[in-house]
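Report on the following structure.
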Amino acid sequence: MKFTHTATVAAPRAKVWAQVMDVPAAARCVPGVASVRASGNGKYQGTLAVQVGPVRLVLDGDLAITARDETAGTASLRAEAKDSRVGGAIHATMNLALAEKGGETELRIDSDLAVMGRLGEFGQPVIKRKADQLMRDFAECLARQASAR
Amino acid sequence: MPGAPGFRPVTNVADRTASVLGDPEYRVEGRDKVTGAARYAADVAMPGMLHVAFVASPYAHARIVAIDVSDARALPGVRAVITGEDTKPARLGRRLQDWPVLCWDRVLFIGDRVAAIAADSAAIAEDAARRVRVEYEELPAVLDADAARGPQAPVLHPDASSYRYFGGDRPSIPHPNLQAYAVHRHGDVDAGFRAAHRVYSHTFTVPRTHQAYIEPRAALVWLDGEVLHVVTTNKAPFALRQQMAASLGIAEANIVVDAGHIGGDFGGKGLSLDEFALAYLARASGRPVRSVTRYADDMQATNTRHAATIALTTAVDADGRILAHTSRVVFDGGAYAAGKPVATLLPGDAMLTLAGYRVPAASVEAMSVYTNQVPAGHSRAPGQPQNAFAAESHIDLVARSLGIDPLVMRERNVVRPGDIDITGAPWHGTDGAEVLARLRTAAHYAEARTTPHSLGAPAIGSGVALGVRHVGRGRASMVLRLSRGRVELRTGVADQGGGAYTLFQRIVATELGIPLGRVTVTRGATDAVPNDPGVGGSRVTPVQGGAALDAARKLRVRLAELGRALADAGDLEVIGEASQETHDASMYAYALRVLVDVETGSTKVEHATLVADVGTVINPVALRGQLEGGFVFGLGQALMEELRLEDGRVTNPSFADYKIPTIADVPPLQVELITGDPGPGPFGAKSVGELANPAVGAAVANAVQDAVGVRVWSLPITAEKIWAELTRPDEVREVAGSAED
Amino acid sequence: MSFDYHAPRSVGEALALLERYGEDAHVMAGGTATVLLMRQGLLRPGHVVGLRAIDELRGISRTGSGGLRIGATVTHREVERSAEARAYSSALIEAFASVATVRIRNQATVAGNLAHADPAQDPPPMLAAFGATVNVRSPRGGRALPVSELAVDHFTTSLAHDEVITEIVLPPLEAGSRGTYLKFLPKTADDYATVSVAATLRLADDGTIAETRIVLGAVGPTPIRARRVEEALRGRTARAVAEAAALVREEVDPIDDARGSVSYKREMARVWTGRALARLLR
Amino acid sequence: MTTHRVAFTLNGAARAIDVPADRLLIDALRDELGATGTKLGCGIGVCGACSVLVDGELLSACLLPAIFVDGHAVTTVEGLAADGELTATQDAFIRDGGFQCGICTPGQLVAATALLVEHPRPSPDEIRTWMMGNLCRCTGYYGIERAIGRAAGMT
């Protein structure tokens, strides 16, 4: 499942970059993220609680920054998380791009999400919509935080 | 649904059936099937039996880095856990064994198996499966058959040369990601194109579909000393014995395969998967082990009908006569070729891209491609629904462009005995002109073409399409025993519903001139009966039926030699054998009337007429059922069936979302039989099991164009596709419609 | 699937169980949806509180004012066969009789259907169009809420985990009001709708539309009330239908799936809204 | 998990089994009572292969907790020809091509039996509406419709 989300941040690019690269802080912008801590080497560990209809998931996993180029304003992240109770997992890659436009910064996130295991049988279209919503909230929250700082 | 008020049978077989017996047909296994006594594989249980769950890949393409089964093994009630390390290098398959029993280095599609668990209950086994931790390194997935053939595409089977291929040398392939490749040429193609009045090119696509049998796959395996016993839903038990023996390194004599009643096959149940891993689990646990596939897994990870792209180019003269034809068919074979039983490793009728017509010159290229998608195997009339949809849409488009009535176009080109057809050989089979003449009359074609449309009502359209299918070939044998005046036929044919046992009973009784009640038919496992090629390839009536007839004849000859009557001949046993290698084929044709709701695109087939050349009818009820069932099978593929895949994952893996027709969705069907042209089977019988389904898609597409003027180029012909064509701006539609040169 | 099953005899007992087990408890009525989710391993409650043995949740009856009361554990088939329900409105019967197959309708309950909050289900739009309310009880007391406020997202309701639907109440129909339920099934008769339309309509004495209520199923995360269409029709005649129905395209919020793309579903919402209104105005 | 005693009649005979709360009727019938006539198909209540009657009502055994039949009467395909004599519907299914592979047949017969109780002389629409919950991949349904018509004495 591929998504693209954009948000305009009322802040210069360098400031937004710093904000986004502070992964534990940025991750708190994802609704349902309980904890994120650095585990070294550009990797982070965390938990995401999410409810899709009657299905309650607690996804445990890792997040890694797989590429970062501050000059270009681009970064790539990879997240892998698993719910052992339900027997489902998600994998996501996110490509972030920041572009400055007249004092504001445009944030673009292209993400590719895979929902695996039994979880995937609970209506992929519904999951897709939920994931879309989650990513949109994330982008908007990042924009809000960066604007506010 | 339109129809006269009150009860009315919705089909009407014209009373021209010439049964070899006046007696009504009464299924020999009928009583068992209507009382619940008939045993299917999932009904068989053993004391101490364990239940199985598999761990499957969530990735379309990945390297297995590590597997940790310790948590699974520690769960109370778990009796055995195996991984690819325990089964390597065992691979399974019907002709080419390229599918790992369990993967050990890489997984090639979502659902590919990496571990198997046997436990006291299915719930424990599933729980244990969730506790297996597999670390994967994801690899780039090849999801597209065109990309797979590119120079940069990762090679999915680098060790292909080491795979076992049954029966000779594997045909060579020009690209490592091809499963199969074949070309055919006959006649002077260039001359045909030079002489052409017009040349037409069209491209069509057909999606993956599932056989949608109601019974999910099931298997029960146990070891009795050295002997491995297998209860299976496989419709070709002797072939499975051979495959297992080769794959597992066990002598065939030490494997007993028992296939009882099979709850629907439609080609899919020729390939077995679980049986192989179960053999390892039975050995590891020392217990009988049974697996019953969850239907969602059956749809995600077994073998589907091939998705295909079919490009056809045909040169015609001013009267629409075919001068030359070229075609290219690309089948998406998915991760493994294991499901295909034929020597070419293509879907059976992959090369028949303009079947049923005189084709003086042709150049046909077909291939099946490895991708990281659900594997594709055989499915009722393999290769034909794809090719028939393309060819019969193509012929209609050519006719319309030339201003020729679509039925007239077919009448001008249809094969008659002796004509060169798409195979380059003289047509040996149905007189196509007779089939079309019968269709014209039976469907009241002239009247149907001039029915006026009334304002505001759905648009009405008629469509025709024809199809051909070879009469089954092969060898078979069975035993006929006479004891105390009763005869017993012992066969290895599994029952997947076509009515084989009743057929054999009627053949033997007719040949011996005795009442049906004096002939019993019994089925045996592979250790109890002579080798049998299994059900498939439209084989049962001409081949196994032929063996039954041969057995009865031999018994009759023996009795004559002994000068005895059946009742006082004592005990006798003969072996009947048949070898049917005649290249004979049948033809059928449809005329459909559809109603299209122009605001929504929703299409209903309002009435269907099927004319089929069936030769001599032995089982009138079963024959009719095969044709009627074949039509509705085709109707599902025409209007609604499609395994929807996203990044290699089936997103509609259940009957809630993968819809097949219900009783409320089938239109009145009139069936007309041509019985006067004898075939190579017993008493002049032919094959019908795969005779009716492939042409339905094109008949619907042609009727839709007749009704609303738009062409749907892919199956299924959904309401939305028609709506999209109807609402497309005119200039764009013209470009799509004028695909001719 | 491993849980303790409790079969309380009264709503009070059921609520006590829900209070005791908290989030670990799940309510089950007919069981069709719950069993499926549990079999898939997606729902794993430690305690299942069954409502089948509770007499006060049963029965269909007319209310004193001419409305209709449907007990929570009444099955779809009971509604379908109920003379009281038929006397209320044949459109109500149509909506219930449209659900899946006779087998499912024999097991699935009215409240279970509402609590499952599947936006493609047939009765919720019809109940919403009739202005039905659900009565709900929890250890904290009772409340009534409109059916239209029950579902808040795909398979998600506004109910707290310890709340139980006890009954559904349909208000009396205003004189001259009629209803209809249409379901677009382009594939098979047993499919979920691509779009469904439940509508009620009442004409004024002058023949203009006094009031209409239109609720669509399967084209949003919940049943969608087509308020702009309703507005556009007030005081108008049948001639306004086509233009008004077109407004529904922007009111629905469908998803791409096996039953159609977003743009197709928007158009089909328009077509079937128009057809439902035409049927009511015939 | 709690265990429950389920006392019911199966095809007229009194049975009592102790089952865990999560046992489904289809598994209780097939695995514990050896009544394998009721078939597992899709497992999600769509295909109808597991159709049974509970107090005469048509239900999916794959969706029904076994504890729900406590105190009730269950009829499966094995109970249709209780005295060994095929019912008119069973016989008609054989004569009219109401089945081929037979896997959906127990469910078709149970559903048809319930249909003919509700509508002794069903119209084509009543047959179609009632029977549309029982999928068959072999027959195209024509034989099933013919068989029901014959069983109802209409042909």
Inter-label distance for residue C:63 and residue B:39, nm, one decimal - labels placed 7 Å from Cα along Cα-to-Cβ: 6.0
Bins of 10 Å from zero: percent of alpha-carbon pairs in the stretch A:80-149: 17, 42, 25, 13, 3
Highest average packing first - B:482-492, C:108-118, Cβ atoms within 10 Å: C:108-118, B:482-492
Distance (nanometres) between label positions extended 7 Å along Cα→Cβ at residue C:24 and residue D:119: 4.9
Rounded to 5, percent antiparallel among DSSP beta bridges of the protein assembly as shown: 80
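Going by how many other beta carbons lie within 10 Å of each one, how would you line up B:49, B:367, D:1, fewest first?
Numbers: B:49 16, B:367 24, D:1 13.
The order, fewest Cβ neighbours first, is D:1, B:49, B:367.
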Two-decimal ratio, the protein assembly as shown, of alpha-carbon radius of gyration to 2.2 N^0.38 Å: 0.93
Relative packing of A:79-85, C:123-129, D:111-117, D:57-63, which averages over residues the other C-beta atoms within 10 Å, highest first: C:123-129, D:57-63, D:111-117, A:79-85
Within-10-Å neighbourhood charge of residue B:635 [Cβ basis; K, R +1; D, E -1]: -2
Scattering curve values for chain B, log₁₀ I(q)/I(0), Debye with Cα scatterers, q = 0.05, 0.12 Å⁻¹: -0.25, -1.40
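Please give the calculated 222 nm ellipticity per residue for the protein assembly as shown, where each DSSP H segment of at least 4 residues contributes -39500 (n - 2.57) and the sum is spread over every residue; nearest 500 deg cm²/dmol? Intermediate results must be reported in sequence, preceding the final value.
On the way: 38 runs with 365 residues, N = 1327.
Result for the protein assembly as shown: -8000 deg cm²/dmol, rounded to the nearest 500.
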Restraint check, A:2/C:183; A:82/A:130; B:33/B:340, Cα-Cα greater than 21 Å: A:2/C:183; B:33/B:340
Residues whose placed amide H lies under 5 Å from that of residue A:34, excluding near-sequence neighbours: A:47, A:48, A:49
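How many Cβ atoms of partner chains, on average, are near each residue of C:187-197 if near means within 10 Å of its Cβ?
Values: counts 13, 12, 11, 16, 6, 3, 0, 4, 1, 0, 0.
Per residue, the number of nearby Cβ atoms from other chains is 6 on average.
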Ratio Rg/Rh, restricted to the stretch C:4-49 and using Cα atoms, in which Rh is the Kirkwood radius: 0.97
Within-9-Å neighbourhood charge of residue B:601 [Cβ basis; K, R +1; D, E -1]: -3
Cut-off under 5 Å, modelled amide H: who pairs with residue C:132 long-range: C:147
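Mind pulling the per residue volume of the convex hull built on the Cα atoms of chain C? Å³ is fine. Can you show the working numbers first?
Working: hull volume 35.0 nm³, N = 282.
Considering the Cα atoms of chain C, their hull volume per residue is 124 Å³.
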Percent RCO, i.e. relative contact order, over chain B, from Cα pairs under 8 Å lying at least 6 residues apart: 16
Model label zone, residue B:31; criterion: amide N under 12 Å from point 7 Å along Cα-to-beta-carbon; scope the stretch D:84-126: D:84-86
Projected area, mean over directions - chain A, Cα convex hull, nm²: 8.3
Residues of type lysines that residue A:101 reaches as a straight line, Cα spacing below 21 Å, ignoring anything fewer than 8 places off in the same chain: A:15
Amide H partners (placed H, <5 Å) of residue B:607, local residues excluded: B:593
Anchor residue D:39: aspartates and glutamates whose Cα lies under 12 Å away (excluding residues fewer than 8 positions away in-chain): B:43, B:215, D:27, D:31, D:78
Order of D:10, A:63 under a 10 Å beta carbon neighbour criterion, fewest first: D:10, A:63
Signed unit charges on C-beta, dipole axis of the stretch C:155-282, positive-most listed residue C:176, C:261, C:237: C:237
When the stretch B:150-289 is reduced to its Cα atoms, the Kirkwood hydrodynamic radius in Å: 19.2
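Given all pairs of different Cα atoms, what value in angstroms does the Kirkwood hydrodynamic radius of the stretch B:472-580 take?
Working: mean 1/r = 0.0736 Å⁻¹.
Hydrodynamic radius (Kirkwood, Cα pairs) of the stretch B:472-580 is 13.6 Å.
FRET efficiency for residue A:18 and residue C:90, Cβ-Cβ distance as r, R0 = 41 Å, nearest 0.05? Show your work: numbers first, answer last.
Details: r = 65 Å, r/R0 = 1.59.
After rounding to 0.05, the efficiency reads 0.05.
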All aspartates and glutamates inside 12 Å of residue B:686 as judged from Cα atoms, apart from same-chain residues fewer than 8 positions distant: B:584, B:613, B:677
Considering only chain B, percent of DSSP beta bridges that pair antiparallel, nearest 5: 75
Per principal axis, descending, Cα span of chain D in whole Å: 51, 30, 24
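Counting other C-beta atoms within 10 Å, which of B:269, C:187, A:2, A:128 has the fewest, and how do the rest follow?
A:2, A:128, C:187, B:269
Between residue B:343 and residue B:447, what length in nm is gained on full extension when 0.36 nm per residue of separation is reduced by their alpha carbon distance? Display every interim value, and only then the final one.
Values: separation 104, 0.36 × 104 = 37.44 nm, distance 4.69 nm.
Stretched fully, the residue B:343-residue B:447 segment lengthens by 32.8 nm.
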Spread of Cα-to-Cα distances over 10 Å intervals beginning at zero, given as percent, for the stretch B:304-355: 21, 43, 23, 11, 2
Centroid-to-centroid separation of the stretch B:650-689 and the stretch B:283-345 [C-alpha atoms, Å]: 19
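With +1 assigned to the C-beta of every Lys and Arg and -1 to the C-beta of every Asp and Glu, and no other charges, what is the dipole magnitude of the stretch D:88-151 about the Cα centre in debye, to the nearest 20?
On the way: 6 positive and 6 negative charges, 30 e Å.
The dipole magnitude comes to about 140 debye.
Tally Lys and Arg at +1 and Asp and Glu at -1 over the other residues with C-beta under 15 Å from the C-beta of residue A:74: what net charge comes out? Mind dumping the intermediate values first?
Values: positive: A:13, A:68, A:78, A:108; negative: A:69, A:70, A:100, A:106, A:110.
Counting the neighbours of residue A:74, the net charge comes to -1.
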Dipole of the protein assembly as shown, positive direction: furthest Cα of B:658, B:479, C:101, with charges on the beta-carbon: C:101
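For the stretch B:40-91, what is the Kirkwood hydrodynamic radius in Å, using each pair of distinct C-alpha atoms? Spell out each step's value before the answer.
On the way: mean 1/r = 0.0712 Å⁻¹.
Computed over Cα pairs of the stretch B:40-91, the Kirkwood hydrodynamic radius comes out at 14.0 Å.
If I take R0 = 35 Å and measure r between the Cβ atoms of residue A:71 and residue B:135 in this structure, what FRET efficiency does the formula 1/(1 + (r/R0)^6) give, to the nearest 0.05? Present the calculation step by step, with values, prior to reporting the outcome.
Details: r = 34 Å, r/R0 = 0.98.
The calculated FRET efficiency here is 0.55.
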Cα centroid separation - the stretch C:40-98 against the stretch B:618-649, whole Å: 37
Under the Debye formula (equal points on every Cα, no solvent term), log10 I(q)/I(0) of the stretch B:47-167 at q = 0.20 Å⁻¹: -1.09
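No value in this document is a laboratory result; all are computed from the given coordinates. Just so we're clear, the structure is a prediction, and the values are computed from it rather than from any experiment. A quick note on method: Cβ atoms are made from the backbone with ideal geometry, for glycine too, and the neighbour counts reach across all protein chains shown.
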